[in-house]
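The values are calculated or read from the model by the stated rules, or taken from the named source; none is laboratory data. Keep in mind the model is a prediction, meaning the values are calculated, not measured. Reconstructed Cβ throughout: ideal geometry from the backbone, glycine too, with neighbour counts over all protein chains shown. Please note that ligands, DNA and RNA were not included when accessible areas were found on the heavy atoms of the full protein model with its side chains. Shrake-Rupley method; radii C 1.70, N 1.55, O 1.52, S 1.80 Å.
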Amino acid sequence: MGKLGNLGARLHHGEVGYDFVKNRKLWYGISILITITAIVGLAVRGLHMGIEFQGGAVFTTPKNMSASVSQAETYAEDASGHDAIVQKLGDGSLRIQIAGTDTGASDQIKQQLSKDLDVPAEKINADLVGPSWGDQIANKAWQGLGIFMVLVVIYLAIAFEWRMALAAFVALIHDITITVGIYALVGFEVTPGTVIGLLTILGYSLYDTVVVFDSLKEQTRDITKQTRWTYGEIANRSINSTLVRSINTTVVALLPVGGLLFIGGGVLGAGMLNDISLSLFVGLAAGAYSSIFIATPLVADLKEAEPQMKALKKRVLAKRAQAAAKGEPAQSADDGESYVDEEPDDAAAAVVGPRNQPASRGRGRGRPSGKRR
């Protein structure tokens, strides 16, 4: 087994771990800073909406054009008086997008492009996109996003509890805000492919979050019947036990998306790949971050505000203080062994699970379990 596999096994069994929950204020601060930067970028620069959303004309030239992209862009902007986006397709033809043009203006632009590019006008294909159609696309995108969010919250509230549903909702909003803000700062065009990418990354983000929540739900069953761990400590163990899995799935997903973005869009110049690949790349990274550093620590905050969890934390700390006063090591939840109750019950054993088996191997059947020998 490789080093990463050994680390994953040790994390899963609680032999090592990082206290994500304890340092949650640091993660919250980092997320707030990134989110504010994204919002400022969105407010200052705005989104560069594609022609599908704001309407306009798309001109496609014949194959094997001799004119360069920069030349065609200059010709199109001079002919229309608007900014133009020019892409060279694989067959050598040029795709020229000009926003804010109507039918009459498109005919004039087509004739002017025909002269500038030295191409017969009938060989230039012109497609018009009306602004009303773009509004419909935008509305459908918002509706799809809203329906997705509602269904996610309902599912998590039923499968887990409302606190986990709220934490997952906050994490998803966090991912969307960062992704949209990066789009504004970079200046990439927003197309229907961007919307598809956003909806896709929400699914990935939710998957990582649900994996941690499922582990947390299993380990906190009948948690108030034991005095070994607080809710926050068990939440931290849940993150650590699924950490390597989350990293592996995220890296495997980011590699092909990074290839599309940096090689396909950057090196090879296939600009249309940027629409979906940037949203996927940023969203996958943000989703993995929010699942580990935002969603689960937020659940721990919400749960530890409950009276039952506050009382449990007092009992746990009192038990550890009592052990320390007797000169016994008061170990935390991240240690290989834990200070346990005098009379452990089945429910408490279920919470601890196989991770506490090493602590009980040296005890006899009739020996009290609360004190070490």
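Summary of values
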| quantity | calculated |
| --- | --- |
| Sites Thr224 and Leu317 - FRET efficiency at Förster radius 22 Å, r taken between beta-carbons, to 0.05 | 0.90 |
| 5 Å-binned pair-distance histogram of region 60-154 (Cα, whole percent) | 2, 13, 20, 19, 12, 9, 8, 6, 5, 4, 2, 0 |
| Accessible area in square angstrom per residue, region 107-148, 1.4 angstrom probe | 68 Å² |
| Computed E for Ile263/Lys22 - FRET, C-beta separation, R0 35 angstrom, nearest 0.05 | 0.30 |
| Per-pair calculated FRET efficiency, R0 = 35 Å: Leu254 and Thr37 via Cβ, rounded to 0.05 | 0.95 |
| Whole-Å semi-axes of the ellipsoid equivalent to region 165-271 (Cα gyration tensor, √5λ, descending) | 36, 15, 10 |
| Reach of Lys225 by Cα under 17 Å, taken over lysines that are not fewer than 8 positions away in the same chain | Lys217, Lys303, Lys310, Lys313, Lys314, Lys319 |
| Extension gain from Asp91 to Leu128, taking 0.36 nm per residue of separation minus the Cα-Cα distance | 11.1 nm |
| Taking all pairs of distinct alpha-carbon atoms in region 137-177, Kirkwood radius in angstrom | 10.6 Å |
| Most to least accessible of Asp275, Asp107 (protein chains only, probe 1.4 Å) | Asp107, Asp275 |
| Whole-angstrom Cα spans of region 214-325 along principal axes, big to small | 67, 23, 22 |
| Pairwise label distance in nanometres, Lys63 with Ile30, each label 7 Å out on the Cα-Cβ vector | 5.1 nm |
| Distance between region 196-266 and region 123-193 - C-alpha centres, whole angstrom | 21 Å |
